[in-house]
Amino acid sequence: MAAKVDLKFSTDWKEAKAYLKALTDKQREEHYFCPDFVSLKKIPPWKDGEAKGAPDKEKESHYKPDKALNEKLSLFRGDITKLEVDAIVNAANSSLMGGGGVDGCIHRAAGPLLKEECRTLHHCETGKAKITGGYRLPAKYVIHTVGPIAQGNPSPAQVQELRNCYLNSLQLVLDNSLRSVAFPCISTGVFGYPSEAAAEVVLSTLREWLEEHRDKVDRLVICVFLEKDEKIYRKRLPYFFPMA
Ligand code: ADP
């Protein structure tokens with residue numbers, strides 16, 4: 001086995017990435033930036049009964065109840081950087097060199113090697129996605145995607161761009177044989193995409209993708225940070241992922 005690399009002091013992202021890749025899951029733990037990480041086992045799958053308040057029954061769902069499919073989805077409220085999943089998605093800006101919001105949190109938690117690897121990716125277009133190592137994060141990989149800047153009502157092109165963020169991130173999940181991924185609420189912070197409208201795009205995209213690829217993944221986690229977003233998702237989940 002290669003010589004031990006101290007992730008706190010390493011300046012060589014390639015060496016650190018290769019080193020981490022060769023470790024077992026248990027061995028990786030000692031490199032996590034936080035001791036209070038959340039393993040996938042601790043993130044329960046979606047259950048209709050968890051919906052707070054009256055479920056949204058105004059419109060009958062046109063999606064079929066599918067218990068096995070519902071078990072592939074979770075809603076989690078908290079800090080995405082603490083999640084021990086195969087990949088977390090970063091709502092990045094096109095430079096991929098870090099920024100505010102969730103992007104800043106991910107870069108701070110992963111440590112400076114993340115930026116060094118991002119530097120080699122140069123740039124990312126809106127709706128596209130690129131993958132890097134996770135370094136000191138409990139997540140093995142970070143998928144960086146750039147959401148549309150939609151101050152106010154999103155245009156049809158912006159709706160498609162937001163959808164593409166999720167689809168292109170999921171394509172990287174498949175390409176890299178990853179089994180679990182967590183998404184933040186892309187574009188709904190500084191980029192100004194309205195949260196309710198974004199949730200419709202996210203839930204329809206994840207539902208349709210899971211119908212096609214359910215056997216390829218164990219779990220897709222929607223990681224909300226704000227109470228407002230948790231309420232929106234709890235209200236709309238029974239429509240997109242109804243129970244029998
Ligand atoms: P964007 O520029 O794409 O709008 P932001 O980072 O400003 O990205 O916001 C995207 C979402 O990420 C918002 O819902 C915000 O509340 C959420 N967020 C911020 N920090 C975290 C975090 N540590 N973990 C999960 N979500 C976060």
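The values are calculated or read from the model by the stated rules, or taken from the named source; none is laboratory data. Keep in mind it's a predicted model, so treat the numbers as computed, not measured. A quick note on method: Cβ atoms are made from the backbone with ideal geometry, for glycine too, and the neighbour counts reach across all protein chains shown.
Observations on the structure shown:
- Flag for Gly133 being within 16 Å of the ligand (Cβ to nearest atom) and either in contact with a strand residue (DSSP E or B) (Cβ under 8 Å, 6 or more places away or on another chain) or not hydroxyl-bearing (Ser, Thr, Tyr) (or both): no
- Residues (farther than 24 Å from Gly99 by Cβ and either more than 17 Å from the chain's Cα centre (by Cα) or at pLDDT below 95 (or both)) located in segment 215-231: Asp215, Lys231
- Check on Arg108, surrounded by fewer than 19 Cβ atoms within 10 Å (Cβ to Cβ) and either in contact with a strand residue (DSSP E or B) (Cβ under 7 Å, 6 or more places away or on another chain) or under 22 Å from Phe37 (Cβ atoms) (or both): yes
- Condition check for Thr145: within 13 Å of Asn90 (Cα to Cα) and in contact with an Asp or Glu (Cβ under 9 Å, 6 or more places away or on another chain): no
- Any chance Leu121 is of a type outside the set (Gly, Ala, Ser) and surrounded by fewer than 21 Cβ atoms within 10 Å (Cβ to Cβ): yes
- Here the helices (runs of 4 or more DSSP H) wholly within segment 141-244 that include at least 2 residues being exposed (fewer than 15 other Cβ atoms within 10 Å of the Cβ), among the acidic types (Asp, Glu) and more than 16 Å from the ligand (Cβ to nearest atom) are 195-213.
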